[in-house]
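This report concerns only the one structure given below.
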Amino acid sequence: MKNLLVMKFGGTSVGSAARMRVSAGLAAAEQKNRPVAIVVSAMSKVTDLLLDTMRHAEAGDRDGMESNLARLRERHEEACRELLPAADQGAVLAQLHDVIDEFERIVNGMAMLGERPPRSVDEAVAVGERLSVVLVSEFLRVSGTPSVGVNARDVVVTDAVFGNASPLMEPTRVKAQEKLLPYLEQGLLPVITGFNGASADGRPTTLGRGGSDFSASILAAALDAAELWIWTDVDGIMSADPRLVPDAQVLEEITYAEAAELAYNGAKVLHPRTLAPLVEKKIPVWSKNSFAPEKPGTRIVPSMAVPQGARAVASMRNVALVSLEPASAEMNGVQLMARSLDAIARADVEVLVVSSSSYRQNFCLLVREDELERSLHALESALALELAHHYVRPIQVDRNVGLLAAVGEGMQGKPGLAGRIFTAISRVQVNVIAIAQGSSELTIAVVVRRDGLEKAVKAVHAECGLGMRPPVPVFPFGQSEGRAPRGKR
Ligand code: ADP
Ligand code: ASP
Ligand code: MG
């Protein structure tokens, strides 16, 4: 739809009645000039609470379940009371209770079974977004912006990989156009659940943690939107996570590829798959701060005229390094690598880094810690015979590791940058365990000791000159003395 603006509000942007009021106001203001559809996350921490409740259910811990359910109710009831006029509260509370009762029925089932079937988890965990939709759409309505709540289960069609589903874009486009365009044409503002979808045969799915960004980009692509604005709690995409690096600065502009690499390597500000649906239609994205909407934010664009070299540093703590090595001439390193990667791919594990040594023929794979068990199981069963006959050494696992990645288009054109990055890391006495550059020309990925990760991120950020410039000192008589250097070189 020509001129359509899709907006996504993250958990903190709908984290309380006050935040919902601000976010709804931002959407309503834009809707005065052009059609707007919004995608909302669950209120902050609610998804964690839902997942925790399911774990209590599986363990048969009724008290834990009940106390979480009470917190879930209280949080949304309180938001409802603060957000809406007394006359509207009764009907909206009833809608909220219906959704929470549905959640309670599913967790009761889990408690009876003593397990959490993935399909039921996906159905239950989407409840957080459904509750947000009720509150935000009702608030918009009572404050004069006609709106309609939509469960993305009726719009976003995915494969059946529960917990980490991928969209099927063609059927999604058909459904989105059928369901959402008529609302938009009538001047209604659709408020759509982030995070969830359903398989073609109607089974509920979710798109992975942090998946509401992805929901918004799927819908922006499916509706041929003019722009996507992702509202969060920081001023845009920054040169590093500001929680780790206090002098991180906001990037004015960044390419799809750079943003995707940052997200893939752990920058939580975007879900790693957000940019993919937008590439074909080159839909521009803004990352903006709903706590400071006047700030420009970061514009994410298909490409930039002049690549800028290193732009940002991302990092990931919860990773593990799996090392494999042949132990006899019966198997060489390449064969072992091929067999292992095949097994890992079949287990649907994402490999973050591969690093090998041609002399010892050994190699290591970096995987997310929550996928480690699955990875080991896949490797051990694929290599069972070779391990039993000692053609392959026992698989080694190192959990005391973290991943750091410097990202930027044009980095490959900067000779010596990789060397400077390693020197900066060793200067702060952190061990480099593995290195990967090349698979993507815009990332240099380094595996370091986990306890040194934060120090290493700060050191690389400074070495690449990415920090904010300190304020220029003002001297008497209006003279100022040059610019302060951008970090050490
Ligand atoms: P939302 O709930 O809005 O989706 P998230 O918590 O998922 O927000 O993502 C925003 C957070 O991402 C920020 O608070 C920040 O700590 C973190 N973050 C990590 N890396 C970066 C980065 N490079 N730029 C900005 N924020 C980052
Ligand atoms: N609520 C979901 C999560 O916490 C999705 C999202 O917020 O993007 O993972
Ligand atoms: Mg997020």
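Throughout, read-outs are computed from the coordinates displayed, never taken from laboratory work. Everything numeric in this text was worked out from a predicted model, so none of it was measured. Positions of Cβ are generated from backbone atoms using ideal geometry, with glycine treated the same way; all protein chains shown enter the neighbour counts.
A few comments on the model shown:
- Applying 1/(1 + (r/R0)^6) with R0 = 22 Å to the Cβ-Cβ distance of SER357 and SER328 gives a FRET efficiency near 0.80.
- Label zone (LYS179, point 7 Å along Cα-to-C-beta; backbone nitrogen cut-off 18 Å) within region 203-235: 203-208, 211-225.
- Altogether, the Stokes-Einstein calculation at 20 °C and 1.002 mPa s, with the Kirkwood radius of region 110-255 over Cα pairs as Rh, returns a diffusion coefficient of 128 µm²/s.
- Kirkwood Rh and Cα Rg combined as Rg over Rh, evaluated for the chain: 1.00
- Total charge dipole magnitude, region 42-123, about the Cα centre, Cβ charges on Lys, Arg, Asp, Glu only, Debye to nearest 20: 100 debye
- Segment VAL22-GLU115, length gained on full extension (0.36 nm per residue, minus Cα span): 29.5 nm
- Longest site-free stretch - the chain; sites: GluC sites (Glu not before Pro), DSSP loop, at most 16 other Cβ within 10 Å: 116-251
- The distance between label points at ASN318 and HIS97 comes to 3.5 nm (points 7 Å beyond Cα on the Cα→Cβ vector).
- Restricting region 238-306 to trypsin sites (Lys or Arg not before Pro) that sit in a DSSP loop and have at most 13 other Cβ atoms within 10 Å of their own Cβ leaves ARG243, LYS281, LYS282.
- Kirkwood analysis of the Cα pair distances in region 197-354 returns a hydrodynamic radius of 17.9 Å.
- Cross-link reach list, lysines versus LYS414, counting only Cα pairs under 25 Å and skipping chain neighbours closer than eight places: LYS455, LYS458, LYS488
- Here ARG62 and PHE291 are evaluated by their C-beta separation; at R0 = 45 Å the FRET efficiency comes out at 0.70.
- Axial C-alpha extent at least 30 Å, average Kyte-Doolittle at least -0.5 - helices from the chain (DSSP): 86-113
- Computed per residue of the chain from DSSP H runs no shorter than four, each worth -39500 (n - 2.57), the mean residue ellipticity at 222 nm is -12500 deg cm²/dmol.
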